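The values are calculated or read from the model by the stated rules, or taken from the named source; none is laboratory data. Quantities reported herein were computed from a predicted structural model and do not represent experimental measurements. With ideal geometry, Cβ positions are generated from the backbone for all residues, glycine too; neighbour counts draw on all protein chains shown.
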Amino acid sequence: MSLRTSANRYAKALFDVALEEKNDLAQVDRDLQAVVGMMQASPDLAQAAGRAGVTEAERKSLMEAVATAMGLSSPVKKLLVLLAASRKLNLAPDLAGAYRERLLAHQNIVRAEVASAAPLSPEKTKALEESLAKVTGKKVDLSVSVDPELLGGIVARIGSTVYDGSVKTQLARMRQQLVEK
């Protein structure tokens, strides 16, 4: 089983437990992000918890102490201890990403990445967000970046769907049409 598949399963289980126990789903997300940040800042800690010479009881004790010190919510604390006991702390980044996707879906929010040739004004950003919300039927979490190679226009990505209104693409299409004729 791939790491991503395992992470998705853990994320689904965590989300279901947090929802059933009426935990603050956004707090669980923040806690997961904090765990990932802690692991990036202290890679030695994650490696120590995974070493062969460390017993399962020691791994559990170590992660319980870390979770308590971080003030993690109960479901995340239990998950962290479980991952440490089974030497699967390396799943944390993918697990956090999968959990966030579940949370956004639960909240009826979709992520959109937009690249434009020049910075967008707040008014244009708001209008674009509203247009994408109408197209998707969901609230849009918009991430905007600048890509001068587009020459003009924008490219929006929502999941695997791409809406390309860039001058660069339009010129490429015109060129292809001229070549074909």
For this session: Would you please name the residue that is farthest from residue 32 (Cα to Cα), looking only at residues in region 67-95 that are basic (Lys, Arg) and at pLDDT below 90?
Result: 87
Exercise. Out of all the residues in region 132-162, which are over 19 Å from residue 104 (Cβ atoms) and not β-branched (Val, Ile, Thr)?
Worked result: 145, 147, 148, 149, 150, 151, 152, 153
Exercise. So which pairs qualify, if the first residue must be in region 160-174 and surrounded by 14 or more Cβ atoms within 10 Å (Cβ to Cβ), the second must be of a type outside the set (Phe, Trp, Tyr), the Cβ gap must be under 6 Å, and the two must be at least 6 apart or on different chains?
Worked result: 163/156; 164/155; 166/150; 166/153; 166/155; 168/150; 168/151
Problem set entry | Counted residues, region 99-112 - those being of a type in the set (A, V, I, L, M, F, W, C) and touching a helix residue (DSSP H, G or I) at 6+ places or on another chain (Cβ under 7 Å) | 3
Exercise. So which pairs qualify, if the first residue must be in region 138-153 and in the same structural domain as residue 126 (by TED's automatic domain parsing), the second must be of a type in the set (Lys, Arg) and assigned to a helix (DSSP H, G or I), the Cβ gap must be under 6 Å, and the two must be at least 6 apart or on different chains?
Worked result: 150/168; 151/168
Exercise. Any residue at all in region 25-32 that is touching a residue at least 24 places away in the same chain (Cβ under 8 Å), closer than 26 Å to residue 103 by Cβ and either loosely packed, with under 14 Cβ neighbours inside 10 Å or small (Gly, Ala, Ser) (or both)?
Worked result: yes
Exercise. Which condition does residue 67 not pass, out of (1) among the aliphatic types (A, V, I, L, M); (2) assigned to a helix (DSSP H, G or I); (3) in contact (Cβ under 8 Å) with a residue 40 or more places away in the chain, if it passes all the others?
Worked result: (3)
Seminar exercise, completed: Reported set for region 79-99 where residues are surrounded by 16 or more Cβ atoms within 10 Å (Cβ to Cβ) and either charged (D, E, K, R) or in contact with a strand residue (DSSP E or B) (Cβ under 7 Å, 6 or more places away or on another chain) (or both) is 88, 94
For this session: Kindly establish whether residue 101 is at pLDDT 90 or above and assigned to a helix (DSSP H, G or I).
Result: yes
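Identify the residue in region 113-137 that is touching a helix residue (DSSP H, G or I) at 6+ places or on another chain (Cβ under 9 Å) and of a type outside the set (Gly, Ala, Ser) and, among all such residues, is nearest to residue 103 (Cα to Cα).
Out of the qualifying residues, it is 114.
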Seminar exercise, completed: Filtering region 70-83 down to residues that are touching a helix residue (DSSP H, G or I) at 6+ places or on another chain (Cβ under 7 Å) and either of a type in the set (S, T, N, Q) or part of a helix (DSSP H, G or I) (or both) yields 70, 73, 75, 76, 77, 79, 80, 81, 83
